[in-house]
Every structure is written in C-alpha cells, then in structure tokens.
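Colleague: Have a look at this one before I ask anything.
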Amino acid sequence: MRIKRREFLKGAAALGAGMSVGLPHIWLKNEGLARAAGGEIKVGVLFSLTGTTAIIEESLNKATILAIEEINAAGGINGMKIVPIVEDPASDPATFAEKARKLVLGDKCVSVFGSYTSASRKAVLPVFEKRNNLYWYPTLYEGRECSKNVIYTGAVPNQQQDEFIPWLINNFGTRFYLIGSNYIYPKEENNYCKKLLQKYGAEVVNEEYVPLGHSEFSSVINKFRSTKPNVIFSTVVGDSVVALHRQYRAAGLDPEKMPMASLTTSENEIAAMGGDAAAGHFTSAPYFMVHKSPENEKFVAAYKARWGQDKVTHFVSEPSYFQVYLFKQAVEKLAPSDITPPTIREAVKGEEMIAPQGRVRIERENLHTWLWPKIARAKPNGQFEVLVESSEWIKPVPYAAYPNQVCTESGLKQT
Ligand code: ACM
C-alpha cells in the first residue's frame, strides 16, 4: 500500500508524540512509574543565586528547600522522597530557558519550582507547554496569562491593588508617579493601576521605567521633586529597590508627604537596604513576616533555624514554601505509577491548605491562588506594621485589566 506523504506524517507524529520538535508531549500511563522509580520524586528548583534578582531569588530557593526537607523528614510523599535538583539561572532569561530544558528533558523532573521575574517565567513557559510539564511560580505578577502548565501561587493585580489604590488616594491624594523596572511586569501592573486611578478620579503625573539592575536614581528623584506626586507607586525590582529607597532617603524626601507605595518591596529588600531607608513607605501583599498565626510562627521559626536567625520571610518566600506542600497534597492523591505533570495538575485543582498567611486554594479554573491581601507600613526595625487586612480571601482574576477575557479550565475565553 502506498502511503501518501501527508498521512505518513500524521502517523509518524502520533508515534513520536512529545519527542518531535513542535508537538505537544503526551504523557503515557506508567511513565510516572519511571519518574517515581527508586522511591524518589525528582523536582527542579530554579531560582537565581547570582545576578541582579539573586537578592530575592536566593530566599525563594531557601524556602523551597526548607519545605522539601521538612516533607522528607516527615516521611516524604507516600514514602517517596522528593529529590531537588537545584540550578542557578543567574538572573538571565535565556539561562532560565536552558536550565529549564535540562531539568525537564535531562533530569526528567515532574515539576519545577522557580522564577521571580515575569521575564524569566515567560522565557521558560514554552519549555513547560511543549513538554506538558508543570512550573510552580510563587511570585506576584501582572496576570494576563492562562497556561495549563503553570501553577501560580503569588498575587495577581486585583489581589494587590483593588484595596490599595483607593486606600492610598483616601490617605494621601490623587497625584501618582509610576516608577517601575523596564519589562513586562511593571508595565502590565501599571496598566491595571491606571484603570483604577481613572475609576477613582486620580491622575498619573509621570510614568517611567528604568533598566533592570538600575542603581542611579538622582534624575528620577529630581522628577519626584518637580512633579510633586502624592504617591510614588513603585514596581521596581531586585537590587534597584535598595538603591531607590536609599537615594530617596539621602535626598531628604519625606515618606509622610510623598510615600512610596510598592508591590515589590518586602522584608527581604529592606534587610538589604536597612530599616531606616524603608521606614514610612507602604507595601500591599498577602503576607508579611509579622502575621500572627500558628502556621506562620512555625514557618518563621523553621526558616530561621535552617538558614540563620538574622534571616527574614516575606511575601514571595511564603508561597515558595507553601506551594511545595500543595505539590505534596496533589502527589499524595496519585498512585506511584501515575505521577506525571498532567496528573499532578488535575490533582492540585481546588486543593486547599492552611498556609502561613491563612487558608489558600488553587482556583480550578485558572490555576491561580485565593489569597489574603494586606496593606502595611515599613518600620525602622525592618518589619512591617499591618494596617489593613482583607476580611476574606480574594479570588484571583488574572485578566482583571481585560474584562472581556477570562481564563477557564478549557483555556482563554472571550466574553
Ligand atoms: C515579577 O516580575 N513578576 C515581579
């Protein structure tokens, strides 16, 4: 029988599913058996230990390793140990993609925990989507993503800004200066911010982006002086957070009159800049180290015991920690022969746990997380004072800035 070329290609694609370039990976039943062979479950840990975002990512690595060690010490997952394979992507998106390929294809990890910046998440996304693997992303981000291959445990804009923006307007005034690092996250986050500012009758006096790793803010500070905003809304990330705060303080500006309101300044950056430089400025996030709960006391004590009494926990290290426990809960539901990224994804949908910040849940529709927004002011001792706490957990709406789009289990839908 003569096989026509088109039909042959179709057959070849079915045989080689997942191996040929450009085809989605199809996980076979019992493939999981090989993954869980020898009573071990291999996972990747992909946070930068060097480069401009190591200041924060190194602590995400530590929180992830802590959770893995705790789970293993308590007997593992159904008796199987989690084996972390740690890579350093050096704050460089191309290196993130290269290391992600190594973890997924070479090491055959069933999940990878990783990334701070959205630039690095975007860089690894094709690796996970093409191989139908699973990336666990703990960082607050801009939303506007609807992947079946990412579990998102950090806040999206509606969970950080819906309370924060009207609160800032009520307390300080309507003139906002938007300053961010120059990449997708600050731009999309500001897109949502501008919609809220418009809704509440507030205005943008300037919108400015500085390169990642930027450390010379004198001209920016001159513009703060000349434009006289009521609020400086900051989505600057990494080492630049430290430089911006120190130079603001050195310039003699007053947080009582012109505070910085940030979605990215945590106890971690404050530890690096010194409490005095941060004091009086505001952050909105679902978790602060001072949060009072038995789960948080346990987390903070364990983190300090493992990594040093001087170390802090914060709103990205907390999801880095609890998402490993959500991974455990999902894998626990599976037979060893059935532990594959797609089965883990199905098992984690709707999964809940009591995290240090409170009860969290993976939203079945969009694989983002229900969280507990808070507004806090930094104190000179490097900790925050929480001023406003949401009385209920808040649903993640990753397309909040795009109300005619909604992320569902079957993909992005136009409404
Ligand atoms: C970020 O880039 N999602 C902070």
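Values quoted throughout were computed directly from the atomic coordinates according to the rules given, and no laboratory measurement underlies them. Here the structure is a predicted model, which means the values were calculated and not measured. All Cβ positions, even for glycine, are placed from backbone atoms using ideal geometry, and neighbour counts span all protein chains on display.
Colleague: Check PHE315 against each of (1) surrounded by 24 or more Cβ atoms within 10 Å (Cβ to Cβ); (2) among the aromatic types (Phe, Trp, Tyr); (3) out of contact with any strand residue (DSSP E or B) (no Cβ under 6 Å at 6 or more places or on another chain) and name the one condition it does not meet.
Modeller: With respect to (1) surrounded by 24 or more Cβ atoms within 10 Å (Cβ to Cβ); (2) among the aromatic types (Phe, Trp, Tyr); (3) out of contact with any strand residue (DSSP E or B) (no Cβ under 6 Å at 6 or more places or on another chain), PHE315 is out only on (3).
Colleague: Within region 342-368, track down each residue that is part of a loop (DSSP other than H, G, I, E, B), over 18 Å from ALA155 (Cβ atoms) and touching a Gly at 6+ places or on another chain (Cβ under 9 Å).
Modeller: ARG364
Colleague: Can you tell me which residue within region 238-261, out of those that are in contact with an Asp or Glu (Cβ under 9 Å, 6 or more places away or on another chain) and either β-branched (Val, Ile, Thr) or outside any helix (DSSP H, G or I) (or both), is nearest to ALA90 (Cα to Cα)?
Modeller: Of all residues in region 238-261, those in contact with an Asp or Glu (Cβ under 9 Å, 6 or more places away or on another chain) come to 238-239, 241-243, 245, 247, 249.
From what is left, the residues that are either β-branched (Val, Ile, Thr) or outside any helix (DSSP H, G or I) (or both) are 238, 241-242.
Values: GLY238: 13, VAL241: 18, VAL242: 19 Å.
Going through the qualifying residues, I end up with GLY238.
Colleague: Between VAL104, VAL86, which is outside any loop (DSSP other than H, G, I, E, B), more than 16 Å from the ligand (Cβ to nearest atom) and under 19 Å from the mean Cα position of the chain (by Cα)? Please lay out each step first, then the result.
Modeller: On the way: VAL104 fails: under 19 Å from the mean Cα position of the chain (by Cα).
Just one listed residue meets the conditions, VAL86.
Colleague: Moving on to the next point. Please find, within region 107-121, the residue that is farthest from the ligand (Cβ to nearest atom) out of those that are over 12 Å from the mean Cα position of the chain (by Cα) and among the β-branched types (Val, Ile, Thr). Quick ask: steps written out before the conclusion?
Modeller: Kept after step one, since they are over 12 Å from the mean Cα position of the chain (by Cα), are these residues of region 107-121: 107-112.
Adding the requirement that they be among the β-branched types (Val, Ile, Thr) leaves 110, 112.
Values: VAL110: 24, VAL112: 17 Å.
Looking at residues that are over 12 Å from the mean Cα position of the chain (by Cα) and among the β-branched types (Val, Ile, Thr), I get VAL110.
Colleague: Looking only at region 177-202, count how many residues are away from the ligand (no atom under 16 Å from the Cβ), assigned to a helix (DSSP H, G or I) and in contact with a helix residue (DSSP H, G or I) (Cβ under 9 Å, 6 or more places away or on another chain). Before the answer, list the steps.
Modeller: Looking only at region 177-202, we keep the residues that are away from the ligand (no atom under 16 Å from the Cβ), and these are 177, 194-202.
Pick out the ones that are also assigned to a helix (DSSP H, G or I) and you get 194-199.
Within this subset, residues satisfying the condition of being in contact with a helix residue (DSSP H, G or I) (Cβ under 9 Å, 6 or more places away or on another chain) are 196-197, 199.
Matching residues across region 177-202 total 3.
Colleague: Of everything in region 122-176 that's within 15 Å of the ligand (Cβ to nearest atom) and of a type in the set (Lys, Arg), which residue is surrounded by the fewest Cβ atoms within 10 Å (Cβ to Cβ)?
Modeller: Here the residue is LYS122.
Colleague: Would you say ALA261 is closer than 29 Å to ASP310 by Cβ, buried (at least 18 other Cβ atoms within 10 Å of the Cβ) and either more than 16 Å from the ligand (Cβ to nearest atom) or more than 24 Å from the chain's Cα centre (by Cα) (or both)? Explain how you work it out, then say what you get.
Modeller: Numbers: closer than 29 Å to ASP310 by Cβ: yes; buried (at least 18 other Cβ atoms within 10 Å of the Cβ): yes; either more than 16 Å from the ligand (Cβ to nearest atom) or more than 24 Å from the chain's Cα centre (by Cα) (or both): no.
So ALA261 does not fit the description; no.
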